Structure formats: structure tokens, C-alpha cells
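Visitor: What follows is a single structure, and I will ask about it in a moment.
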Amino acid sequence: MFIGYFTERPYQDPKAKFFGASKDELTDLVLSNGEYDSEIAADLYNRYFDEKLYAEEMGFDGLMLNEHHSTPFTMGSVMNVEASILARITKRAKIVLLGNILPVRSDPIFLAEELAMIDVISRGRLISGWVRGTGRESLSHNAQSPYNWERFQEAHELIIKTWTDPGPFRWEGRHYQMRYVNPWAKPYQKPHMPIWVPGVLSYNTLEWAARKRYPYLMTATDEEPTKECFGIYESIARDNGYEAGPQNYGYMLKLHVDETDELAEATARKLLQGPSNPFLEGNQGGVHPHLQALPGLTSRKNMLPTASSRAALAGRGISTTGFTPGSFEDQVAKRGIIYGTPKTVLKQLRIAMEKMRPGIVMMWDGDGAMTHDDAMRSLRLMGEVVVPTMREWAAELELPGPTEVDPATGKHIGTATTGAAAG
Amino acid sequence: MAVATEAEQQVIDLATGPVRVFRGGAGAQVLVLHHDFEATGWGAFHEQLARSFSVITSEMPGYGESARLDWARHPRDLAGVLLALVRRLGLREYSLVGLGFGGWVAAEMAAFAPADMARLVLVGAAGIKPESSDILDQVMMDHREYVRSGFAEAAAFEALFGERTPAEQKTRWEAARETIARISWKPYMYSYELPELLREMPVPTTVIWGTEDRVVPPECATRYANLIPNAAIRLVAGGGHWLDLERPAELAGIIAASIATE
């Protein structure tokens, strides 16, 4: 099993009206960056690097970053800058980017170069993921929304060719035209770094990942529809001539571990008290539908089973647990958030592992209004107890990650590069 | 919006895809191009105009029943297809009336193929960058708000579109929004090249603008009139952007008078 650590790196300003105890909901894309305080930001960026370093020390296999634009819920608006720094300051953990937003890049060659450099500097520790981005990303870089999916596919093809074919070559595509492709930076890993794809709702993206044999990671979706999505992947894989397994499936869950169950609960609640984040159930805030879903951005007729559970159910006020949809209690009941002492959380994690059988698990913690101390306590207990136990269970339950079993062939890969093995 | 049944509907199968047209009236030929937010078919404005002329209003590709051109990237591409339609319909000495976004497409047609055109009428036309303000950006707005913004009087909007937007209307509006996002994403609703092409455009032109147009600023009337060698401005005091919907008889009267001066 591949176990990673993730936080959105929220912009935490205790004085801001949208933050913390005030619990004022923030509507996406209405906040002016006139409120941005670069002193606060400097502290936070450095804090998040300290936490990533500690996560590596605690034995996590991967340090995951993501990217959003023009919003305080993710400070990593140029995630590759953070990844570059991690490439130099970390030693062992994989740097997992989920993912770069292909369609908003007007020049995919720049992206190919940046990622190749990160892979080389880290000596082959980069895992490169791709996403399509939502409306805020397209607006922030004025990328034409109806061509999002076409640009995603063409940029991907161009980048793979840039990484693998000897240059120079010329590219005359529908969306990108390049006279001279011959960057003096090629991936350290051959033929190129592993590619994973995160997703929530889009059928097209899952189908594309399954056809390409790229591991697909579902981010904090409900368990039952997540299982259904893995089932869809499995049947697409079969149609394309291969058997998918745990190495093809990733799952991200919100997890907080603490010294007592009481402290764990109080701290886990903070996860839902930062700047509103449309991807963080329980603190999604508001969105403008016409901006979130720009014209032609996604096919609304082609959604995954997760679409009918998530915000949709909450929006209609339908509860599957007896609690208010999206509330802390609701999420606890459906294992959308797991908290407690190591002993408490392990019981829940065992059920989730058995039920969904992922080969990749990402722990989403240290988010919202959590402090550095909150994040570090949890990381320590995860490293001392939770992660090693999960590894034992993963072996027992036969849940290999994509660094142990090749997701494209189902064959075992030489030596497992898990933290336990390397540590 | 409902399509009046008085007009004759016809689907013209161009090699690029089907285009639906509505025709009515008799006399000199007038081709009308609609706004960006929806192909509103045949309405009171067309009915009024058809009292004096043989009126044809064509859906632009990507609107109504007329297939979207997935390859199109610019309003000039629509202009090319509509010029093919003009040839197919055999229009000669026709007047071309462009409303809002349709005005931009009409100006492109006139710039490239003025020979058969008797008169060009631009009504609150997009296509040229205002100097001291911006064209209202529908991408950043809820579409209902955008449509409302084109009316000078909120009551006129409610009278036509009601208090709630029916689902099928939303679907049509969303499709129209995507058409615009495909062909006029950036620069939004203007071209840097069109003004230069209009300097030698010989068709006598009437530029009509509502003084309260909140979609395309009235200053653009002056820009159009200064660029086109033979152009006159007619301002509609207190008028908004969708003059054809809000003041159909008045607009039809101004257009009829300007065509009759030929």
C-alpha cells in the first residue's frame, strides 16, 4: 500500500471574517486579494513545508500537493514551486502532484520542463498527476472552457511525447502548435514518471484514466459510490485487455489522530472551520454555479455515481445517516471523517480498507483551522502507530500500491519502495 | 420565447450543417441576425418589419435548431457560413440588420462581401472595443442576469421572460453561452482587426443604439460611425440593448426609414 499525506494548505487568517470560529461561509470567487497578508502567507508556506518534512520522517510514502487558483482555501496556486522545494529538502518520500491543471496551460512544454526538472532534482521521486480544473482555474488564467477536455488530452499527449521522444520535433495540433520541441530537461524516471489521476465526478476522466492504465484516486467521496466508481474502472480495464487491482485505485479520506478521543474530536472539528472550500464537505461555502461550471466545461450528462451522493444529496437535504447532510456528525457516521486515538481510528480504517480495497490511501489532515501543533501531534501518532499497522493489514488484505505492483501490467515491481521497506 | 406561427420556417442544408430561417412579408429583402443570448425566432419586431419588407431572420449556427460549428473559433467563421446562406437564398441588393452580437457578424459580412448589400444596419453591435469602458461580460454572470441587463426596464424583462426561468429555456441559454464561449472568449466581444477592415467598407450604414445600453456601451456607436465611410447614427433615447424586444415597433420604424432612404 502507498500511504500519503495531504493538506490543501489553507490561508489561515484568524482576523479574517471568513475564518475559524466566526464560521462565516465564504462564497467562492468573491474575496478580493486586497485581504492577502504576505507575512501570514510566509509563515504558512514555511509551516506547511515543516509538516511535509515531518510526514516524511514519520514514514509516509508520499507527500501530496494539489493546486487551485484565486482562492484562500489552497495556497499552492503554483504547486510546482512547492514541489521543486520538496525535491531539494526531502530525501525519500515521493512527491505526488494531483494534479497539474493541463487545460489552463497555454504552453504545455513549460509544464513538461518544470516536471522533468523536479523529477531530476529529486532523483526520480515525482509522481505526476493531471486534472482538468474547475471554473475558478479556467477563469484565473482565461482558458477557454469549452475546449477544456480537448486541451487536456492534447496537452497530455504532447507532454508525454516531449518526455519520451528524442527532440527536436515539431507539433501541429488543434490547440497547441510548437515549432521546436527539444527541452534540455528530461525525466529521471524512464520512460517517464508515473501518472496518477484524481477525480470526483467526471466519467470522462475516469474512463480516460482506466484506458491509459493510470491509477485513479477518488478524493473524499462517499464509500459506496466510490466502490461503484472503482467497479466502473475495473470493467473499462477489462474491456481494454487488462485486470485492474488495488494498485489502480486510490482513496483520500479525512483523518485526524490525537492523544485522546476528546482532543481528537475537538481538533477534527477545526478541519471544517477554515476558509470555505467547495471540495471540503461540511465547509463548502457558496459557489456561483455559472462560474464553477463554465460553459461547456464538463459534460453534465456524463457523471459518476459520486455525483448523486455528494453535494447533490446535501443540496436536497437527503440524509443517509440520520444527521444533517455534510455535518460533522454525518461525516463521522459515514466515515467521511475519521478521528480519535490511534486505536479508535484504526478500527474505522480497517473497515474502509476492507470495503474499498484501495492500493493508495491519502490522509487529509492539518487543514481548515488546525494549527501546526494539531498537525504535528497527528503526524507523530500516525507515524508511530497508524501507518505501520495499515502496512501490516495491507499485506494481509493483499492491497499493493502502484509502487509495488505495476498498474499497467499487474506485475510485481522489484523491491517495494514503501516507507517501511526503505526506512 | 415563442416563435410566431405567421412566419414560414425553412431549414437550409448547407454543407457546413443545417441552418433554420424564418421568412415573412414582401418587398425589398432584409436579412436579420439575432443577439447572442438566444435565437429568439420570429417576434413582434420581425412582424413589424415584414409590413414593409421581405424579412428573413436566420438562426446563426450554434443557436436554436441550427447545428453548432465545432470547428468555428471566431464570429468571422459564422459570417462566412452566413454569406454562404445568402448565396443559397439568392439574396440580391439585400439589407442586413445585425442585432448586438449579430451586428458584429453582420459587420464582418459587410467587410468581406459588400457587393450584394444595399444597406447595413447595426443595432447596439458588438465587435469593436469601447475606448473608455468594457462590454458587459456574460461569462461572469448568471445568464438570467445577463438577459435582464439588456433591458432598460426590468418590467419589460419580466413581461417577456417571467419571474422564473423554465428548465428548457435554461438549456437553450446554456447552449447559447457555450457557443459564445467557443467563438468569442478572448478578446471578449470585439476584434482588433474589424475596425481596420471597415475603413474601406462601402455599404451605406445606419448605426442604431439605445442610450441606456448596458451591454455594449453607446460610445461604440461613434466608433462604428467614425470608421465606416458612409454611416449615420440614430440614437434611441432611454433604449437598452435588446431594442428589438423592448421597443420593437420603434426600432422597426427607424430601420424601415433608413432602408427607404436608399
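Each value in this text was obtained by applying a stated rule to the coordinates, not by laboratory testing. Please read all numbers here as calculations on a predicted model, not as lab measurements. Please note: Cβ atoms are built from the backbone with ideal geometry, for glycine as well, and neighbour counts cover all protein chains shown.
Visitor: Give me the lysines in straight-line cross-link reach of A:Lys355: C-alpha distance below 27 Å, same-chain residues under 8 apart excluded.
Guide: A:Lys94, A:Lys212, A:Lys227, A:Lys254, A:Lys334, A:Lys343, A:Lys347, A:Lys411
Visitor: Antiparallel versus total DSSP beta bridges in the protein assembly as shown: what percent is that, nearest 5? Please list the in-between numbers first.
Guide: Working: 16 of 78 bridges.
If we restrict to bridges inside the protein assembly as shown, about 20 percent are antiparallel.
Visitor: Follow-up. Starting from the Cα of A:Glu228, step 7 Å along the direction of its Cβ; do the same at A:Ala395; then give the gap between the two resulting points in nm.
Guide: The two pseudo-label positions are separated by 3.7 nm.
Visitor: Starting from the Cα of B:Asn226, step 7 Å along the direction of its Cβ; do the same at B:Glu250; then give the gap between the two resulting points in nm.
Guide: 2.7 nm
Visitor: If you don't mind, another one. Cross-link candidates for A:Lys91: which lysines have Cα within less than 23 Å, leaving aside residues fewer than 8 places away along the same chain?
Guide: A:Lys52, A:Lys186, A:Lys190
Visitor: What is the set of long-range amide H partners of A:Leu217 at a cut-off below 5 Å, with H atoms built 1.01 Å from backbone N?
Guide: The answer is A:Val197, A:Gly199, A:Gly250.
Visitor: Run through the DSSP bridge list for segment B:8-260 and note the antiparallel percent, rounded to the nearest 5.
Guide: Values: 11 of 37 bridges.
In segment B:8-260, DSSP labels about 30 percent of beta bridges as antiparallel.
Visitor: To the nearest 0.05, how large is the calculated FRET efficiency for A:Ile160 and B:Glu93 if R₀ is 60 Å and r is the Cβ-Cβ distance? Could you put the intermediate results ahead of the total?
Guide: Details: r = 57 Å, r/R0 = 0.94.
FRET efficiency, A:Ile160 to B:Glu93: 0.60.
Visitor: When you have a sec, figure out the Kirkwood radius of the protein assembly as shown from all distinct Cα pair distances and drop it here in Å to one decimal? Could the numbers behind the result be given before it?
Guide: Working: mean 1/r = 0.0360 Å⁻¹.
Taking every pair of different Cα atoms in the protein assembly as shown, averaging 1/r and inverting gives 27.8 Å.
Visitor: Please list, in chain and number order, the residues 5+ apart from A:Ile101 or on another chain whose amide H is under 5 Å from its amide H, with Hs placed from the backbone.
Guide: Hits under the 5 Å cutoff: A:Val131.
Visitor: Would you please state which residues of segment B:227-246 a label at B:Glu219 would reach in this model, taking the label point 7 Å out along Cα→Cβ and a backbone N cut-off of under 16 Å?
Guide: Counting only backbone N, you get B:227.
Visitor: Can I ask one more? When only alpha-carbon atoms are used, what values of Rg and Dmax, in angstrom, describe chain B?
Guide: For chain B, the Cα-based Rg and Dmax read 16.5, 46 Å.
Visitor: Also, I was wondering about something else. Can you tell me, using C-alpha contacts under 8 Å and at least 6 residues apart, the relative contact order of segment A:2-422 as a whole percent? Don't skip to the answer; put the middle values down first.
Guide: Values: 809 pairs, mean separation 90.6, N = 421.
It comes to 22 percent, rounded to a whole number.
Visitor: Local charge sum around B:Arg88 (other residues, Cβ-Cβ under 14 Å, Lys/Arg +1, Asp/Glu -1)? Before the final figure, lay out the partial values.
Guide: Working: positive: B:Arg20, B:Arg23, B:Arg87, B:Arg92; negative: B:Asp13, B:Asp116.
Result for the neighbourhood of B:Arg88: +2.
Visitor: While we're here: Any idea how far apart A:Glu150 and B:Arg73 come out in nm if each label point goes 7 Å out from Cα toward Cβ?
Guide: 0.9 nm
Visitor: If you don't mind, there's one more thing I want to ask. Take the alpha-carbon centre of segment A:201-277, take the same for segment B:117-131, and report the distance between them in whole Å.
Guide: Their Cα centres are 52 Å away from one another.
Visitor: Considering only C-alpha atoms, what is the centroid distance from segment B:1-65 to segment A:42-116, in Å?
Guide: Comparing the Cα centres of segment B:1-65 and segment A:42-116, I get a distance of 54 Å.
Visitor: Looking only at segment B:71-108, which residues have a backbone nitrogen under 17 Å from a spot 7 Å from the Cα of B:Asp13 in the C-beta direction?
Guide: Only B:85, B:88-89 pass the distance filter.
Visitor: Once amide H atoms are built 1.01 Å from N in the peptide plane, which residues 5 or more positions from B:Ala28, or in another chain, come under 5 Å H to H?
Guide: Those lying under 5 Å, H to H, from B:Ala28 are B:Ser54.
Visitor: Among B:Trp104, B:Trp71, rank each residue by its count of other Cβ atoms within 10 Å, from fewest to most, as a rough exposure measure.
Guide: Working: B:Trp104 27, B:Trp71 9.
Least crowded to most crowded, the residues run B:Trp71, B:Trp104.
Visitor: Within segment A:36-61, find all residues whose amide N lies under 15 Å from a label point positioned 7 Å from the Cα of A:Val81 along Cα-to-beta-carbon.
Guide: Only A:36-49 fall inside the zone, counting backbone N under 15 Å.
Visitor: If R0 is 30 Å, what FRET efficiency do you get for B:Glu196 and B:Ala154 from their C-beta distance, rounded to 0.05?
Guide: Details: r = 39 Å, r/R0 = 1.28.
So the FRET efficiency works out to roughly 0.20.
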